[in-house]
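The values are calculated or read from the model by the stated rules, or taken from the named source; none is laboratory data. On a predicted model such as this, the values are computed, not experimentally measured, just so you know. Every residue, glycine among them, receives a Cβ derived from its backbone with ideal geometry; neighbour counts consider all protein chains shown. We work out accessible area using only protein heavy atoms, side chains counted, and drop any ligands, DNA or RNA first. Shrake-Rupley method; radii C 1.70, N 1.55, O 1.52, S 1.80 Å.
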Amino acid sequence: MDMESLTIFCAVASELSVTQAAARLGRAPSGVTTRIQQLEADIGAELFVRANKRMALTAAGERFLEYAQRLLALADEARHVVTGGREGGTLRVGSMESTAASRLPALLAAYHASHPDTRLALSTGPSRPLIEQVRTGLLDCAFVALPPAFGGAAALAELGLASTAVWREELCLLLPASEAQARRPADVRTRSLAAFPQGCTYRAIAEEVLGVGGSTQWRVQELSSYHTMIACVAAGACVTVLPASVLALSDAPATLTTLSAGQADTVLVWRAGFDVPAFRHLLAQLGEAAP
C-alpha cells in the first residue's frame, strides 16, 4: 500500500476506467491493472466490480477511497511542511456555491499570483457536509455559513475545528412578479421554495423566515444552482433565498421583488492545529481581501 499504488487507485476510482486512468497517469493499462490487483491482494478485498467492460467501486472500494485520499493528502502536506513551503503542496478548499461564485474568484486569483507553486483544489457543497469533510480530513478548510441552531464557534470547537468570520452576507428573499405587493415574508402567497438539498444553511434560514417547517402547504423544490432557482422564480413557480452578492451577479429580471431575509456570516473553518504554509498564506490573503 505505497503512495504510487494509492495514486493509481484514486485515478481509476475517479475515471472508473483503467484505460482512461492510464492515459491520465501516462502509464500502460496493463501496468495499472497489475497495480490494482496487487493492492486488492494486499488489502484482502475487491475494490472494483468489473462487468461488461464497465467498472464500479465496491462497498469496500468506496470506504477505502476516503482513506486513500486522506493518506495522499497527508503525504503531500508532510512534504510541504518539512520543506517550509518550498514544495508548493495542495490546499483543498471547500466552499458554498454562493461564496465560490461571488467571493472566491478574486481571492483565489490573488493567491495563485502570490503562490503559483501551490495547487488549489476547490470543491463546492452545502455547509453541513463541508464541515464534516473538514473534520474528517477530506478538506483542509471550507467557507461555510453556520445554521441558526448550530451553536457557532463553540459547537465547531467541540468538533475539533477552528474558525474565523470572513464576510457578512445580506440575504434576499427573491419573489416572482406576482408577489409585488408583498412587504414582509408573512405576505408571501407562493408556497413553493427553491433551495439546495438539506444541509444548506441558506435553506434552513429560508424555511425559518417563511415558516416552512411543520407546514403541509409548502413544497421544497431541490435544485443544484442559483441560476436555476432564479429562473424558477422568474417563471412564477417559487420563491428562494440567496445572498445579495450572488443576485448582483445574475441577470434576474427587474420585475422580481426582493425582501430582506436577514444576514449570515461566511465563516472559514479548519481543523484545530492545522498549520501549514499554504494555509497560512490563505489566511494572510484573507486579511488583505476582507473588508
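Structure notes:
- Vicinal HN-Hα couplings computed from phi for region 97-107 (Karplus, 6.51 cos²θ - 1.76 cosθ + 1.60; Hz; Gly/Pro x): 4, 5, 5, 4, 7, 9, 10, 7, x, 5, 5
- On a per residue basis, the chain carries 49 Å² of accessible surface, using protein heavy atoms and a 1.4 Å probe.
- Distance cut-off 25 Å, percentage of C-alpha pairs in region 15-154 lying past it: 46 percent
- Debye log10 I(q)/I(0) for region 36-90, one point scatterer per Cα, at q = 0.17, 0.25, 0.28 Å⁻¹: -0.65, -0.91, -1.03
- Whole-number percent relative contact order across region 129-252, with pairs defined as alpha carbons under 8 Å at least 6 apart: 31 percent
- Estimated from helical segments only, the mean residue ellipticity of the chain at 222 nm is -13500 deg cm²/dmol, where each DSSP H run of four or more residues counts as -39500 (n - 2.57).
- Kirkwood hydrodynamic radius (C-alpha pairs) into Stokes-Einstein, the chain, 4 °C and 1.567 mPa s, D in µm²/s: 60 µm²/s
- Percent RCO, i.e. relative contact order, over region 64-171, from Cα pairs under 8 Å lying at least 6 residues apart: 27 percent
- Peptides 48-54, 15-21 ranked from most to least packed by the mean count of surrounding Cβ atoms within 10 Å: 15-21, 48-54.
- Near the amide H of Val166, within less than 5 Å, lie the amide hydrogens of Thr266, Val267, Leu268, all on another chain or at least 5 residues away, with H placed in the peptide plane.
- Oblate is the label for region 182-234, because a/c, from the alpha-carbon gyration tensor with a ≥ b ≥ c as root eigenvalues, is 1.5 or above and a/b does not exceed b/c.
- Point-charge dipole on Cβ atoms (K/R +1, D/E -1) for the chain, about Cα centre, debye to 20: 420 debye
- Dipole magnitude for region 127-207: computed about the Cα centre from +1 point charges on Lys and Arg Cβ and -1 point charges on Asp and Glu Cβ, it is near 260 debye.
- Note that region 138-279, at 10 °C in a medium of 1.306 mPa s, gets a Stokes-Einstein diffusion coefficient of 98 µm²/s from its Kirkwood radius over C-alpha pairs.
- Rg followed by Dmax, in Å, when region 82-205 is reduced to its Cα trace: 18.0, 62
- The chain: relative contact order in percent, alpha carbon pairs under 8 Å with at least 6 residues between: 21 percent
- Proportion of all alpha-carbon pairs of region 1-87 beyond 20 Å (%): 35 percent
- The amide H of Thr90, built 1.01 Å from its N in the peptide plane, has Arg119 as neighbours under 5 Å, considering only residues 5 or more places off or on other chains.
- Surface composition of region 25-157: carbon plus sulfur atoms contribute 52% of the solvent-accessible area (1.4 Å probe, protein chains only, all chains present).
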